[in-house]
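Here it is: the structure, laid out below.
The values are calculated or read from the model by the stated rules, or taken from the named source; none is laboratory data. What you see is a predicted model, and the numbers here were worked out from it, not measured in a lab. Cβ placement follows ideal geometry from the backbone for every residue including glycine, while neighbour counts extend to all protein chains displayed. Accessible surface is based on the protein model in full, side chains and every heavy atom, while ligands, DNA and RNA are left aside. Shrake-Rupley method; radii C 1.70, N 1.55, O 1.52, S 1.80 Å.
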Amino acid sequence: MNELTRSRVQQRTLWILAVSQIFGTIGVGVAPSIGILLAEEVTSSEAWAGLARTASTLGAALLGLPLGNLAARFGRRVALASGWWLAALGALLLVPAAQYQLVIPLFAGLLLIGSGSAISLQARFAATDLAADDHKGRSLALIVWVGTIGTVLGPNLGIPAQRISDATGLHVYAGAFLIAGVAMLVAGLLVFLLMRPDPLLLNRETDQLAGPALPVRHRGGLKRFAAELRNNPRARYAVVAILSAQMVMVAIMTMTPIHVTHHGGSVSLVGVTISLHILGMYALAPLVGYVADRWGYRFSIAVGLAIFAGSLLAGGLHPQNMGWIMTSLILLGVGWSFINVAGSALFATVISKQDRASVQGGVDALSNLCGATAAFAAGPLMAVSSFSALAAIAGIVLIPLVLMTTVTPKTAALKS
């Protein structure tokens, strides 16, 4: 395959991924908003509602590795479509859960809808399969960026759902998840019907034509992931970056709404703050991808660490000032974007080709698990201390990444 053909297939792949990502993330975006409201209504308990919210994150963690193994065996097209359809099934299970107040379909639906989060992460790696090394950051960042559209629209599905409710008598939450299910079904259909040739399989064929290649391994995902980290210092550095950023971002973001309301902030202020945080996470992704490709992944991670430091200082030193808290959350999102995009692009570049898809599923699963753990731990930590103490603990979590970035540049560096 010549470079012109490869470039054309890559552009087509990016368009398909971008459009399907918009539809899919609309469905995924409903879980943390309307999903938590539905859980509280069905269970009549804030504690059970919190556990139900964790179910979707747990589902993403549990399904990340199997979906990665599926991609390794059958290609991105089958894995991405299957992931979106599994999430759609979860959303459609939540329709009767909302309509008839059913607990078991509630938890099952939220667990399965986590597949959408897992496959949304896999899509960003799919964008790098055929990308040139000096464009991997930008390609990955594009898919991260378009997810902003769905992330913003998803929590607002209650508006069209209300119209469905008025016309049919369907519970408003049931209507919201019905729309979400259809959106994710469409995402799966787009990928399954249009992603031909498959970028991962095509990349594999190109490698085989170029010369002898090691056989692709489809099984033993956890062992291969552990072996990759043990034997590949640059992959290890990338994973530390991804996980550190995820834990810090989730811990602070999770507790900010509670902190704001405890200090007299309105629900509207909470909504604006979280919306600005989400924009910080995704809006600058194309710029972040360009910086990573132009100046190197280690440089981009260092920039993200500096922004994280500013975020934690702003929130930790001025916890009662809502203006500083809002600034802190914006910086938190931007810092996460720099580290996550650069770390993910680095990981996609340095992992061994025969383990590419399954190992990528492993890092996504671990990222979701670490995020769920951080969210779970942040509440008790702040309950016995303060928001400032939580910010300080988050800073401590970043120390290993700071050391790997500054003290061991030979191990950490790529294109630097």
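With respect to GLY83, determine if the residue is open to solvent by less than 10 Å² (accessible area, probe 1.4 Å) and more than 22 Å from THR168 (Cβ to Cβ).
Working: open to solvent by less than 10 Å² (accessible area, probe 1.4 Å): yes; more than 22 Å from THR168 (Cβ to Cβ): yes.
Yes.
Here is a further query. Would you please list the contacts, defined by Cβ atoms under 6 Å and residues six or more apart or on different chains, that run from a residue in region 231-254 that is farther than 13 Å from ALA377 by Cα and polar (S, T, N, Q) to a residue that is modelled with pLDDT of 95 or more and buried (at least 24 other Cβ atoms within 10 Å of the Cβ)?
Once the first residue is farther than 13 Å from ALA377 by Cα and polar (S, T, N, Q) and sits in region 231-254, its partners that are modelled with pLDDT of 95 or more and buried (at least 24 other Cβ atoms within 10 Å of the Cβ) give SER244/LEU401.
Do we have ILE159 as of a type in the set (A, V, I, L, M, F, W, C), within 17 Å of ILE22 (Cβ to Cβ) and surrounded by fewer than 20 Cβ atoms within 10 Å (Cβ to Cβ) here?
Values: of a type in the set (A, V, I, L, M, F, W, C): yes; within 17 Å of ILE22 (Cβ to Cβ): no; surrounded by fewer than 20 Cβ atoms within 10 Å (Cβ to Cβ): yes.
No: the conditions fail for ILE159.
Restricting attention to region 307-351, which residues are open to solvent by 30 Å² or more (accessible area, probe 1.4 Å), of a type in the set (S, T, N, Q) and either in contact with a helix residue (DSSP H, G or I) (Cβ under 7 Å, 6 or more places away or on another chain) or under 13 Å from HIS277 (Cβ atoms) (or both)?
Passing the criteria: THR327, THR349.
Here is a further query. So, of the residues in region 73-110 that are of a type in the set (Gly, Ala, Ser) and more than 20 Å from the chain's Cα centre (by Cα), which turns out to be farthest from THR254 (Cα to Cα)? Please lay out each step first, then the result.
Going through region 73-110, the residues of a type in the set (Gly, Ala, Ser) turn out to be 75, 79, 81-83, 87-88, 90-91, 97-98, 108-109.
Add one more test, that the residue is more than 20 Å from the chain's Cα centre (by Cα), and what stays is 75, 97-98, 108.
Numbers: GLY75: 35, ALA97: 26, ALA98: 25, ALA108: 23 Å.
Checked region 73-110; the qualifying residue farthest from THR254 (Cα to Cα) is GLY75.
Out of region 375-397, which residues are open to solvent by 10 Å² or more (accessible area, probe 1.4 Å) and closer than 25 Å to ALA60 by Cβ?
ALA375, PHE376, ALA377, GLY379, PRO380, LEU381, MET382, ILE393, VAL397
Determine which member of the set LEU178, LEU142 is over 30 Å from LEU38 (Cα atoms), aliphatic (A, V, I, L, M) and either in a helix (DSSP H, G or I) or open to solvent by less than 50 Å² (accessible area, probe 1.4 Å) (or both). Break it down stepwise before answering.
Working: LEU178 fails: over 30 Å from LEU38 (Cα atoms).
That would be LEU142, the only listed residue that is over 30 Å from LEU38 (Cα atoms), aliphatic (A, V, I, L, M) and either in a helix (DSSP H, G or I) or open to solvent by less than 50 Å² (accessible area, probe 1.4 Å) (or both).
From the list ILE393, ILE399, which one is touching a Leu at 6+ places or on another chain (Cβ under 9 Å) and at pLDDT 90 or above? If you could, list the steps in order and put the result at the bottom.
Details: ILE399 fails: touching a Leu at 6+ places or on another chain (Cβ under 9 Å).
Being touching a Leu at 6+ places or on another chain (Cβ under 9 Å) and at pLDDT 90 or above holds for just one of ILE393, ILE399, which is ILE393.
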